[in-house]
Amino acid sequence: MRLTALSLRRFRNLASQDLAIPREGLALVGENAQGKSNFLEAIYYLETLRSFRGARDDQLVGFDEDVFRVVGTLAEETGTREVAAAYQRTGRKKKVTIDGEEPDRLTDAIGHVAAVLFSPADVAIVSEGPAERRRFLDIVLSLNVDGYVEALAEYRHVLGQRNAALKAPRPNRTVRVWNDLLVEAGATLMHARRSWVESRAEGFSRYYADVSGGQAAAQSYRPNVQIDQASDVGEVGDAFRAALEEAESSDLRLRTTTVGPHRDEVRFHLDGERELDVREYGSGGQRRTVALALRLLEADTIRDARGHEPIVLMDDVFAELDEGRSERIMELIDRDDAGQVILTAPKESDVKLRTDVLPRWSIAAGRIDA
Ligand code: ATP
Ligand code: MG
């Protein structure tokens, strides 16, 4: 898939511009705070309908403005598609259209761009708490696995209801009524998470070895509910139900739901005798390499689920890697069949990918010079 045109209106500090995006992609070069990350944020917004940096929609509207609008034209083998997103600050209204039509639900509007974004901030997936790793899984699976995003919304809703029931003055009777719904949605999440982590485990180790120059690492799913013996989603649900029933008295005492996929974890460990957890023992470079491997797996997931090459967005990712690592990551991304690449760098010399073919664009104070 390729982005052929991008129209920006009052998004962050970016000038309102209509840009034709080159077939092979581009390298956007500019000093700090000129709008490079904002540019990628605008493109990636069309895929997820939110900021990859976790900013609220109202923060994306240009200062002293009321509405931002971003429109992207995507080309694939079967034709073109136009994805438009707008947000109004005063009315707190988001509007999304795909080829001019407003989808029934916002969840139908995500995942139309097939982009993967590499950012130095990705290291948080490895370094920070388990919530970051669940968030990563939830985003990848929501965008690429049918039914996941609905199950996630349902799980969060039911969990909220159950926790509210646990906090009520006399909770015993009302708590159980939520168990069926919680089990159904939760089993879908656990089953999909396990399938993804396990089916991608080999790819993870391969990417980690490729980027690190031969070092070994592995990923594994550590569900909060023991589901080793459960083979299908029904059995995962049975295990979850049993765990919920067993935990009921402690849930009542602690007034919150203590078991379930909201407490899942994914572990990354350096292989070797000691199986060191990367989060606890990994160096900065090792953590970054795990994060890169995860984004490469995300690109594979998009390729497998949607049947086309993802657009690769890279926000100043070479800055933090040693020469060997950045060279090897380039080789991985820059394979013959590789798709469009849109990357940013503070200096010309930091552009290390497809140096001969990527057109150079520059940006200063939000204005792009193509
Ligand atoms: P760096 O190389 O340091 O990462 P960058 O080019 O990626 O820099 P951006 O993160 O894109 O820079 O941000 C550029 C500027 O955008 C910042 O100075 C910030 O103040 C400004 N900015 C952020 N949000 C808004 C907004 N809603 N309206 C106007 N300007 C904004
Ligand atoms: Mg930046």
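The values are calculated or read from the model by the stated rules, or taken from the named source; none is laboratory data. If you're wondering where the values come from, they're calculated on a predicted model, not measured in any experiment. Cβ sites come from the backbone with ideal geometry, for glycine too, and all protein chains shown count toward neighbours. Surface accessibility is based on the protein's heavy atoms, side chains included, excluding ligands, DNA and RNA. Shrake-Rupley method; radii C 1.70, N 1.55, O 1.52, S 1.80 Å.
Of all residues in the stretch 111-123, exactly one satisfies the criterion of being surrounded by fewer than 20 Cβ atoms within 10 Å (Cβ to Cβ) and not in a helix (DSSP H, G or I), namely Gly111. Residues that are assigned to a helix (DSSP H, G or I) and among the hydrophobic types (A, V, I, L, M, F, W, C) do not occur anywhere in the stretch 75-94.
When you look at Glu128, is it farther than 20 Å from Asp57 by Cα and either among the charged types (D, E, K, R) or without any contact (Cβ under 8 Å) to a residue 24 or more places away in the chain (or both), yes or no? Considered against the rule, which asks whether it is farther than 20 Å from Asp57 by Cα and either among the charged types (D, E, K, R) or without any contact (Cβ under 8 Å) to a residue 24 or more places away in the chain (or both), Glu128 comes out as yes. One residue stands out in the stretch 73-92 among those that are more than 23 Å from the chain's Cα centre (by Cα) and within 21 Å of Asp57 (Cβ to Cβ): the one that is least open to solvent (accessible area, probe 1.4 Å), namely Gly91. Among the residues of the stretch 26-61, just one is away from ligand 2 (no atom under 16 Å from the Cβ), in a helix (DSSP H, G or I) and among the aliphatic types (A, V, I, L, M), namely Leu46. Gln226 passes every criterion in (1) open to solvent by less than 30 Å² (accessible area, probe 1.4 Å); (2) within 28 Å of the chain's Cα centre (by Cα) apart from (1).
Close Cβ contacts (under 6 Å, 6 or more residues apart or on different chains) running from residues in the stretch 314-325 that are more than 13 Å from Val123 (Cα to Cα) to residues that are more than 13 Å from ligand 2 (Cβ to nearest atom) and open to solvent by 40 Å² or more (accessible area, probe 1.4 Å) comprise Phe318/Lys352; Gly324/Gly213. Number of residues in the stretch 191-223 that are open to solvent by 20 Å² or more (accessible area, probe 1.4 Å) and in a helix (DSSP H, G or I) equals 11.
Matching residues to (1) free of Cβ contacts under 8 Å to residues at least 60 places away in the same chain; (2) open to solvent by less than 10 Å² (accessible area, probe 1.4 Å):
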| site | (1), (2) |
| --- | --- |
| Arg12 | no, no |
| Arg23 | no, no |
| Leu26 | no, yes |
| Gln34 | no, no |
| Glu47 | no, yes |
| Arg50 | yes, no |
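Residues of the stretch 299-347 that are in contact with a strand residue (DSSP E or B) (Cβ under 6 Å, 6 or more places away or on another chain) and within 16 Å of ligand 2 (Cβ to nearest atom): Leu313, Met314, Asp315, Asp316, Val317, Ile342, Leu343, Thr344, Ala345. Considering only residues that are assigned to a helix (DSSP H, G or I) and either surrounded by 14 or more Cβ atoms within 10 Å (Cβ to Cβ) or at positive phi (or both), which ones fall in the stretch 253-268? Pro261, His262, Arg263, listed by residue number.
Within the stretch 1-10, the residues that satisfy the criterion of being open to solvent by less than 60 Å² (accessible area, probe 1.4 Å) and closer than 15 Å to Gly62 by Cβ are Ser7, Leu8.
Residues checked against (1) near ligand 1 (Cβ under 7 Å from one of its atoms); (2) closer than 18 Å to Glu348 by Cβ:
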{"residue": "Ile21", "(1), (2)": "no, no"}
{"residue": "Ala27", "(1), (2)": "no, yes"}
{"residue": "Gly30", "(1), (2)": "yes, yes"}
{"residue": "Glu47", "(1), (2)": "no, no"}
{"residue": "Phe52", "(1), (2)": "no, no"}
{"residue": "Val61", "(1), (2)": "yes, no"}
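In the stretch 135-161, the residues that are within 14 Å of Ser195 (Cβ to Cβ) reach residues that are acidic (Asp, Glu) and open to solvent by less than 20 Å² (accessible area, probe 1.4 Å) with C-beta atoms within less than 9 angstrom, at least six apart or across chains, in these pairs: Leu137/Asp264; Val140/Glu298; Asn144/Glu298; Tyr148/Asp138.
When each of Val149, Val126 is tested for being open to solvent by 10 Å² or more (accessible area, probe 1.4 Å), β-branched (Val, Ile, Thr) and assigned to a helix (DSSP H, G or I), the lone residue that passes is Val149. Where helices (runs of 4 or more DSSP H) sit wholly within the stretch 269-370, those with at least 3 residues that are within 23 Å of Glu132 (Cβ to Cβ) and open to solvent by less than 40 Å² (accessible area, probe 1.4 Å) occupy 284-306. Being modelled with pLDDT of 95 or more, over 25 Å from Ala192 (Cα atoms), open to solvent by less than 60 Å² (accessible area, probe 1.4 Å) and among the hydroxyl-bearing types (Ser, Thr, Tyr) is true of Ser250.
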